[in-house]
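S.K.: Quick one: the structure is below, questions incoming.
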Amino acid sequence: MTPRRFVPLKVDAPPLPDAVVKKLSWDQKVLFRFVVAVQSGSLPAQLGKTEIGPLCHARWITLQSRVLRLYMSAGVPSYLMPKLRKLSTYIVNIYFPMHMLIKYRSSLVNGSVNLFKEISLVKKFMKSKSDLDTILGCLQTNSYFAHPHNILIAMLGDDSFELRKEAVDIILDLRRYGEESLDLDYYLPLMNCEAKRYADLCNLSKVNGRWMYKSFSGDLVSVTEPPLTVGLDVSEFLTCPFKTELPSHTQSVERLVKLTTDASKRVCGRVNQSAEGMLVLLGRKLNK
């Protein structure tokens, strides 16, 4: 069959190595193939017939695939094309690259770095002020990795000695006050979208000798030591960057949401649904 022709989208993202593609899940591979096709201007007939997994509210991969296939399909009303093109541009230049980046740079140490990268991509590809304000507003609402705790962790794990030294100096300074970070309320920071480096996503400043940051509500909040470093000799990180196996994403939680959703379609009752989910997990473990 003749491939479907359409106006290609410019994709400003590096190609994925074959070794990485082989490790992708089925849904991720489908989205990757659509991303490749959408920049070529041609949708192979076989790819157009590819089965896309069910929609899941916790994971939007299959939704992105459906949007891209719709963009490459015939019969889309002309008045819908500008919005569809905008959505598709977002998917191929921001959503998919960030999905892959977070998947393979998943440590908690990379959280603030990944957020900074996403902000830079949004500012690069979202030309409309209203679109830019909408997306940055969503990032602000979820600006947990712009919190001083996460930024300091990222700085301690950075390859740059200067950034590690800066973080160590701040943490040692914070310890002088003796405040336990776990005893204080957690406030989302006012994210600095004009930052030139991830370390400045949250503006820290000294007020009356104490480190402070501005919360999203506009209040000044005391900076405390990250819970992960309490009791550690942070001076060790001057010679060896901080490392942790804690993830920066909630992929395991998202998988369990999907698992629970599927179980609820097969059986009734909380106990039966839990048992169904546990059997599925056990089956996966045994089949590895």
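S.K.: Hey, among 228, 259, 279, which residue is open to solvent by 90 Å² or more (accessible area, probe 1.4 Å), of a type in the set (A, V, I, L, M) and part of a helix (DSSP H, G or I)?
M.R.: Working: 228 fails: open to solvent by 90 Å² or more (accessible area, probe 1.4 Å); 259 fails: open to solvent by 90 Å² or more (accessible area, probe 1.4 Å).
Going through 228, 259, 279 in turn, the sole match is 279.
S.K.: What are the pairs, 6+ residues apart or on separate chains, where a residue within the range 3-23 that is farther than 21 Å from residue 98 by Cβ has its Cβ under 8 Å from a residue that is open to solvent by 70 Å² or more (accessible area, probe 1.4 Å) and aliphatic (A, V, I, L, M)?
M.R.: Filtered contacts from the range 3-23: 4/74.
S.K.: Looking only at the range 12-41, how many residues end up being surrounded by 18 or more Cβ atoms within 10 Å (Cβ to Cβ) and closer than 16 Å to residue 90 by Cβ?
M.R.: Total meeting the criteria: 4.
S.K.: Name the residues in the range 198-217 that are of a type in the set (S, T, N, Q), open to solvent by 60 Å² or more (accessible area, probe 1.4 Å) and under 23 Å from the mean Cα position of the chain (by Cα), would you? Explain how you work it out, then say what you get.
M.R.: Going residue by residue through the range 198-217, those that are of a type in the set (S, T, N, Q) are 203, 205, 208, 215, 217.
Keeping just the survivors that are open to solvent by 60 Å² or more (accessible area, probe 1.4 Å) gives 203, 208, 217.
Answer for the range 198-217, where residues must be of a type in the set (S, T, N, Q), open to solvent by 60 Å² or more (accessible area, probe 1.4 Å) and under 23 Å from the mean Cα position of the chain (by Cα): just 203.
S.K.: Give the residues of the range 52-79 that are open to solvent by 70 Å² or more (accessible area, probe 1.4 Å), out of contact with any strand residue (DSSP E or B) (no Cβ under 7 Å at 6 or more places or on another chain) and modelled with pLDDT under 90, sorted by residue number.
M.R.: 54, 55, 57, 60, 75, 78, 79
For every residue, the table says whether it meets (1) assigned to a helix (DSSP H, G or I); (2) open to solvent by less than 30 Å² (accessible area, probe 1.4 Å); (3) over 26 Å from residue 188 (Cβ atoms); (4) without any contact (Cβ under 8 Å) to a residue 60 or more places away in the chain.
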residue: 83; (1), (2), (3), (4): yes, no, yes, yes
residue: 95; (1), (2), (3), (4): yes, no, no, yes
residue: 112; (1), (2), (3), (4): yes, yes, no, no
residue: 119; (1), (2), (3), (4): yes, yes, no, no
residue: 134; (1), (2), (3), (4): yes, no, no, yes
residue: 139; (1), (2), (3), (4): yes, yes, no, yes
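S.K.: Continuing with this model, one more query. Please work out if residue 103 is in a helix (DSSP H, G or I) and open to solvent by 80 Å² or more (accessible area, probe 1.4 Å).
M.R.: On the way: in a helix (DSSP H, G or I): yes; open to solvent by 80 Å² or more (accessible area, probe 1.4 Å): no.
It is false that residue 103 is in a helix (DSSP H, G or I) and open to solvent by 80 Å² or more (accessible area, probe 1.4 Å).
The values are calculated or read from the model by the stated rules, or taken from the named source; none is laboratory data. Since the model is a prediction, treat every value here as computed from it, not as a measurement. Because the Cβ atoms are built from the backbone with ideal geometry, glycine has one as well, and the counts that use them run over all protein chains shown. Note: areas computed on protein heavy atoms with side chains; ligands, DNA, RNA excluded. Shrake-Rupley method; radii C 1.70, N 1.55, O 1.52, S 1.80 Å.
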